[in-house]
1. Is at least one residue of region 138-150 exposed (fewer than 14 other Cβ atoms within 10 Å of the Cβ), outside the structural domain of Ser16 (by TED's automatic domain parsing) and within 16 Å of the chain's Cα centre (by Cα)?
2. Cβ-Cβ below 7 Å, separation at least six or inter-chain, first residue in region 43-56 and closer than 13 Å to Val26 by Cβ, second part of a helix (DSSP H, G or I) and among the charged types (D, E, K, R): which pairs?
3. For region 96-151, name all the residues that are part of a strand (DSSP E or B), farther than 11 Å from Cys80 by Cβ and touching a strand residue (DSSP E or B) at 6+ places or on another chain (Cβ under 8 Å).
4. With respect to the numbered conditions (1) surrounded by 18 or more Cβ atoms within 10 Å (Cβ to Cβ); (2) assigned to a loop (DSSP other than H, G, I, E, B), which one is the sole condition not fulfilled by Tyr12?
5. Return yes or no: is Tyr92 assigned by TED's automatic domain parsing to the domain that holds Lys140, surrounded by 15 or more Cβ atoms within 10 Å (Cβ to Cβ), of a type outside the set (Val, Ile, Thr) and assigned to a helix (DSSP H, G or I)?
6. I need the full set of residues from region 122-136 which are among the aliphatic types (A, V, I, L, M) and either touching a helix residue (DSSP H, G or I) at 6+ places or on another chain (Cβ under 7 Å) or free of Cβ contacts under 8 Å to residues at least 40 places away in the same chain (or both), in order please.
7. Just to be sure, is Arg39 closer than 30 Å to Glu25 by Cβ, more than 16 Å from the ligand (Cβ to nearest atom) and either among the acidic types (Asp, Glu) or assigned to a helix (DSSP H, G or I) (or both)?
Amino acid sequence: MEDNLDAILSNYERDSFDLIPILQEVQQKFGYLPESEMRKVAKFVGLPDSRVYAVATFYEQFRFTPMGKNVITVCRGTACHVRGAKQVLEEYEEQLNIKEGETTDDLEYTLGTAACIGCCALAPCVMVNDEVEAKLTPNKVAQSFKKEKAK
Ligand code: FES
């Protein structure tokens with residue numbers, strides 16, 4: 001991790017005005033903001049750790065836990081909601097044994113939601129990494145995990 005952070009910091013002056021772009025690059029590199037790296041960033045820009053943490057938690061774009069290898073985003077938009085998105089989300093939660101916003105212990109899956117993923121005619125929809133899964137039902141979700149386990 002050390003080399004990665006040094007490479008990022010080498011592009012910046014020791015200036016607190018650069019805090020957000022630095023944090024964005026750290027997140028891009030690591031997939032989230034590790035606590036140890038945030039402390040080093042704080043030292044670099046000359047701010048207390050608590051200030052850097054306060055800034056990072058203010059913005060929704062920053063994550064403080066690692067993302068899973070596979071990111072599942074269940075649409076909660078109106079079209080998906082009226083066609084059963086809540087039940088689809090609950091099935092993912094049950095299959096993965098995590099709640100929305102969490103990542104499995106083995107870092108295989110992160111489960112999240114979005115307001116609309118732009119495929120309303122195919123509701124309810126879910127993004128699995130870059131692929132859209134259309135017209136999902138809890139049963140289809142359960143079957144896909146059954147197939148996955150059989151591999
Ligand atoms: S509301 Fe779900 S894709 Fe638009």
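1. Taking every residue of region 138-150 in turn, none turns out to be exposed (fewer than 14 other Cβ atoms within 10 Å of the Cβ), outside the structural domain of Ser16 (by TED's automatic domain parsing) and within 16 Å of the chain's Cα centre (by Cα).
2. Sorted first by the residue in region 43-56, then by its partner, the pairs are Val45/Asp18.
3. Of the residues in region 96-151, the ones part of a strand (DSSP E or B) are 103, 109-114, 126-128, 131-133.
Imposing the further condition that a residue be farther than 11 Å from Cys80 by Cβ reduces the set to 103, 109-112, 127-128, 131-133.
Scanning region 96-151 gives Thr103, Tyr109, Thr110, Leu111, Gly112, Met127, Val128, Val132, Glu133.
4. In the conditions (1) surrounded by 18 or more Cβ atoms within 10 Å (Cβ to Cβ); (2) assigned to a loop (DSSP other than H, G, I, E, B), Tyr12 misses (1) alone.
5. Values: assigned by TED's automatic domain parsing to the domain that holds Lys140: yes; surrounded by 15 or more Cβ atoms within 10 Å (Cβ to Cβ): yes; of a type outside the set (Val, Ile, Thr): yes; assigned to a helix (DSSP H, G or I): yes.
Yes, satisfied.
6. Quick first cut of region 122-136, residues among the aliphatic types (A, V, I, L, M) only: 122-123, 126-128, 132, 134, 136.
If the condition is that a residue be among the aliphatic types (A, V, I, L, M) and either touching a helix residue (DSSP H, G or I) at 6+ places or on another chain (Cβ under 7 Å) or free of Cβ contacts under 8 Å to residues at least 40 places away in the same chain (or both), then Leu122, Ala123, Val126, Val132, Ala134, Leu136 are the ones that fit.
7. Values: closer than 30 Å to Glu25 by Cβ: yes; more than 16 Å from the ligand (Cβ to nearest atom): yes; either among the acidic types (Asp, Glu) or assigned to a helix (DSSP H, G or I) (or both): yes.
Against the criterion (closer than 30 Å to Glu25 by Cβ, more than 16 Å from the ligand (Cβ to nearest atom) and either among the acidic types (Asp, Glu) or assigned to a helix (DSSP H, G or I) (or both)), Arg39 qualifies.
The rows are residues; the columns are (1) closer than 25 Å to Leu5 by Cα; (2) in the same structural domain as Pro21 (by TED's automatic domain parsing).
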| position | (1), (2) |
| --- | --- |
| Arg51 | yes, yes |
| Thr65 | yes, no |
| Cys75 | no, no |
| Val82 | no, no |
| Val88 | no, no |
| Lys99 | no, no |
| Ala114 | no, no |
| Val128 | no, no |
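The values are calculated or read from the model by the stated rules, or taken from the named source; none is laboratory data. For clarity, every value in this text was computed on a predicted model and none was experimentally measured. Heads up, the Cβs are rebuilt from the backbone with ideal geometry, glycines too, and the neighbour counts pull from every protein chain shown.
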